[in-house]
1. In degrees from 0 to 90, rounded to the nearest 10, what is the angle of the helix 169-178 Cα long axis to the longest principal axis of the chain?
2. Per residue of region 39-49, what does 6.51 cos²θ - 1.76 cosθ + 1.60 with θ = phi - 60° give for ³J(HN,Hα)? Whole Hz please, x for Gly and Pro, Karplus curve as stated.
3. Would you kindly calculate the mean projected area, averaged across all directions, of the convex hull enclosing the Cα atoms of region 1-47, in square nanometres?
4. Report, in debye and to the nearest 20, how large the dipole of the chain comes out about its Cα centre when Lys and Arg carry +1 and Asp and Glu carry -1 on their Cβ.
5. What are the extents of the Cα atoms of region 48-154 along their three principal axes, listed from largest to smallest and rounded to whole Å?
6. Working from the pairwise distances between different alpha carbons, so that the mean of 1/r is found and then inverted, what is region 144-221's Kirkwood radius in Å?
7. For S80 and N220, compute 0.36 nm times the residue count separating them, minus their Cα-Cα distance, and round to one decimal in nm.
8. Which entries of K105/K236; K35/K265; K84/K178 show an alpha-carbon separation above 27 angstrom in the structure shown?
Amino acid sequence: MKDSFGREINYLRISLTDRCNLRCEYCMPEKGVNKLKHADILSFEDLYELTKAFVELGISKIRLTGGEPLIRLGAIDFISKISKLDGVRDIAMTSNGVLLKKYAKDLKDAGLNRINISLDTLNEAKYEKITRGGSLNNVLEGIKAAREVGLTPIKINTVLIGGFNADEIPELVNLTLKEDIDIRFIELMPIGEAAEYDLNRFIPNSLVLEKVKGLKKVHNEDISSPATYYKLPNAKGRVGLINPITCKFCSNCNRVRLTSTGRLKLCLHSNREIDLKKSLENGEDIKEVIRKAILTKEEEHYLEDEKYISRNMNQIGG
Ligand code: SAM
Ligand code: SF4
């Protein structure tokens, strides 16, 4: 399925829930989010209908995210069902890893191919602080379990936050020396709780290249990936830099997003949404609705004009 700029759209990111078992300071309010009414969230039946339509239109890669996708009951059965759809080549997940030790094997058996785990620090006390109560050990055990069952390649996502984790860059990069793990540094975006942050908390991830000498750029076959990859000599894993603020990767964008409330977001940095839940309820030809919507996908994002995205990251899924 092509958009009006000739880009092949083959990647769907589905947010299974906007709720989470952590409260990362930059993402969620301390008290959590207002509980959505059951009727406002897409049921798994509707999610399956929509996913099937997307796949029939050419989506081959699906990522489940959230909030925390592993807290939505039924997520594993859903993976099992969508993995059987003709045309699905890759199912991935973005998770905080807290429940991964418990679910890694079931996820793999259901058809999940790989997982990205969010981890902003390797220090227990700092982890507890930034997540407002999380335990680093749960995540480390989750990463181990994911590796053991073959949910690979494992990617670790680290949001760089001024005054919090810049000092840990070398230690985080060194994780790639012995393990076949990619670590990706993501620039903090002025979304959600971070919209109110002081400027000094937003640091460019070129700092990684300044702090770790010897990183060499490596070729990335996936041209739609927002990451530029580097490697240390003899390292097993790669170091990725994702610069949603200082750099644009719109010309190769192949993705669209579906929120847990059934809204289609064609661009992460736009507030425009298309209500697919309503279209389903109205019995509209959902494939036609999606096809038409894709043709309105934005050419690129204009962070300067639309600086404040009204949804928080836990609703969009990153
Ligand atoms: N709960 C899961 C997790 O943490 O991996 C999935 C959802 S979370 C919203 C997805 C990603 O968005 C995480 O890696 C998180 O660190 C990132 N994120 C949240 N708020 C952000 C912000 N303001 N700027 C940049 N990344 C952000
Ligand atoms: Fe939850 Fe992920 Fe947001 Fe942290 S970043 S609060 S784990 S949704």
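1. Once rounded, one gets 80 degrees.
2. Running phi through 6.51 cos²θ - 1.76 cosθ + 1.60 with θ = phi - 60° gives 5, 8, 9, 5, 6, 5, 5, 5, 4, 5, 4 Hz.
3. Values: hull surface 22.7 nm².
Averaged projected hull area, Cα only: 5.7 nm².
4. Numbers: 50 positive and 46 negative charges, 125 e Å.
With only Lys, Arg, Asp and Glu charged at Cβ, the dipole is about 600 debye.
5. Between the extreme Cα coordinates on each principal axis of region 48-154 lie 47, 25, 22 Å.
6. Values: mean 1/r = 0.0706 Å⁻¹.
One over the average 1/r among Cα pairs gives 14.2 Å for region 144-221.
7. On the way: separation 140, 0.36 × 140 = 50.40 nm, distance 2.96 nm.
In short, 47.4 nm is gained.
8. Values: K105/K236 24 Å; K35/K265 21 Å; K84/K178 35 Å.
Violating the 27 Å limit, Cα to Cα: K84/K178.
The values are calculated or read from the model by the stated rules, or taken from the named source; none is laboratory data. Predicted model, so just to flag it, every value in this text is computed and none were measured. Because the Cβ atoms are built from the backbone with ideal geometry, glycine has one as well, and the counts that use them run over all protein chains shown. Keep in mind that these areas ignore ligands, DNA and RNA; they rest on the heavy atoms of the full protein, side chains included. Shrake-Rupley method; radii C 1.70, N 1.55, O 1.52, S 1.80 Å.
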